[in-house]
Structures are given as structure tokens and as C-alpha cells.
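Quick notes on the structure that follows.
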Amino acid sequence: MKKIIFIAYLFLLASNSYSQDLSEIKFSNASTLSYFSFMTDQKIVIRVSPDGKITEWGNIWEKGYYNYQPGKLQEYMGRVEYYGTEADSINRGKVKNIGTCYITYYGKFDIATNAGKVKSIGRTYLDYYSNFDNDASEGKLKSAGNTMFAYYNSFDNIAVKGKLKSVGANQINYYNSFDDKKIQGKVKSIGSVNYVWYNSNDRREYQGSLKSGSIEQVINGIKYIIQ
């Protein structure tokens, strides 16, 4: 009996290991949120824009491969299917399956700010801020499974309003409009990890580039790409 319970416990752990499918978050120009990446059970990366559109998918381009670039994906050569006439009119032609991962979308009769956006990727359900929320976060991804996202609102500093503020327990801070003009709006810290940038007092060819911190950093199980 104890053996059966132990095996069931291991199975539960294995199942839960896939309950957190959020794998990457990327910022372009070290400032603008580009995408959220989700990892499927087949290790396929599916990327979703902040407003709920699938932008690309593929296999991870591992470090050490020729011409490696942070965030670059290899083309996925497996099965991909798309919604046809059986789907809501606003979702026809959208990707339905990538490998064994099934994808659903909100329909035209759902809340207007959700309509047409990704609703689920495999077992991970996505929700979005509505028009009842602050206008700086309206339409943006609110949650993915158990992970909640918050954004700076329209009353915050002009250099940070609308930017991603937190991912679960990870707080994200940015340099604001009172900081050097070369680093305004850039990521300052994610959780306990700090980022320092060359400013206008440094050599011209360095200004605005990363001085300390890593372009790729795993923080609480999520990889952040800051480029």
C-alpha cells in the first residue's frame, strides 16, 4: 500500500512539473515587453505577444549551437494544424495544434477585450485585463495558469507606465524619467537581480548598452531575455 501511495505521489509531482509552463519573457531594447514563451510537454516553445496573439513557435536553439542568439528558435518540423470553418469566425485560420499541444481562443461572444486572444495553451489557461481595469493594462495578459501579471498604471512615471510590473512574486523595476536619458525606461531589476547600463557619461559607443547583469537570466524558474 505504501508503495502505491509513493508511486502516486511521484506521479503527482511529475504532473505538477508541467503545471508551470511559462518559460521565458523577453524585453526588446531592454525596455519593451516582447513576448511570453510557454514550453509544451514535447519541449516546443510557443510565444505569445502581450496582447494574446501567437507570434511564433519552434524548438530551443541551445547555447553552443552555431550562430547562437538569445531567444532564437529552430523551426519545428512536426505536425501543425489550423482552425477551419468549424471555428468561431474570428478564430478561423489560427493555429489549433502544435504537436500534441492543443490551443484554444476566446470567441466573439466573450468579453470584448478577450475576443480572439489565446485562451489556453495545453493545460495552461490565459486571462487578460478588461476595460474595467486601468487603461494602461487593458487587454494585456493578466494570468497564465497560477502566475499573475501586473503592470504599471497610467498614474505612474511616464517612463514606466504600462510596462510589466510583476511576474508572480518577481517585481520588475525600471529606470524612470528622472534618470539619465540613455537608460530611461530600461529594466533596472527583476526580483533580486540588478541591471546596470552605460549612461551618457560613458564612452559614446557604450552608451545605453548593458554594463552589468546577464542578457539571459533565470529567475525563479523563468528565463528573462533582456536585449
Gain in length, Lys181 to Val80, computed as 0.36 nm per residue apart minus the alpha-carbon separation, to one decimal in nm? 31.9 nm
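Considering only the other residues whose Cβ falls under 11 Å of the Cβ of Tyr128, what net charge follows from Lys and Arg at +1 and Asp and Glu at -1? Walk me through the numbers on the way to the answer.
Numbers: positive: Lys117, Lys119, Lys140, Lys142; negative: Asp51, Asp110, Asp127, Asp133, Glu138.
Around Tyr128, the charge tally is -1.
Report Rg(Cα)/(2.2 N^0.38 Å) for segment 116-161, keeping two decimals. List each step's numbers first, then the result.
Details: Rg = 12.0 Å, N = 46, 2.2 N^0.38 = 9.4 Å.
In units of the 2.2 N^0.38 Å rule of thumb, it is 1.27.
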Do the sum for the chain: with -39,500 (n - 2.57) for every DSSP H run of n ≥ 4, divided by all residues, what is the mean residue ellipticity at 222 nm, to the nearest 500 deg cm²/dmol? -2000 deg cm²/dmol
In the structure displayed, which of Lys182/Lys223; Lys26/Lys53; Lys117/Lys182; Lys72/Lys165; Lys26/Lys211; Lys96/Lys140 lie more than 27 Å apart, Cα to Cα? Lys117/Lys182
May I have the convex hull volume per residue, in Å³, for the Cα set of segment 150-201? 62 Å³
Can you give the direction-averaged projected area of the convex hull of the alpha-carbon atoms in segment 40-134, in nm²? 7.5 nm²
So, for the chain, what is the accessible surface per residue at a probe of 1.4 Å, expressed in square angstrom? 56 Å²
Tell me which aspartates and glutamates have Cα within less than 18 Å of Lys163's Cα, excluding those fewer than 8 residues away on the same chain? Glu24, Asp51, Asp127, Asp133, Asp135, Glu138, Asp179
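What number, in nm² with one decimal, is the all-direction average of the projected area of the convex hull of the alpha-carbon atoms of segment 132-227?
Numbers: hull surface 27.5 nm².
Projected over every direction and averaged, the Cα hull of segment 132-227 covers 6.9 nm².
Ignoring ligands, DNA and RNA, what percent of the accessible area of the chain is carbon or sulfur (1.4 Å)? Please list the in-between numbers first.
Values: 6650 of 12750 Å².
Carbon-and-sulfur percentage of accessible area, whole number: 52.
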Among Tyr128, Tyr105, Tyr83, residue whose mean-square fluctuation peaks in a GNM of the chain (springs only between Cα atoms under 10 Å): Tyr83
Taking every other residue with Cβ under 15 Å from the Cβ of Gly208 and scoring Lys and Arg +1, Asp and Glu -1, one gets +3
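The values are calculated or read from the model by the stated rules, or taken from the named source; none is laboratory data. Please read all numbers here as calculations on a predicted model, not as lab measurements. Note that each Cβ is placed from the backbone with ideal geometry, even for glycine, and that neighbours are counted across all protein chains shown. Note: areas computed on protein heavy atoms with side chains; ligands, DNA, RNA excluded. Shrake-Rupley method; radii C 1.70, N 1.55, O 1.52, S 1.80 Å.
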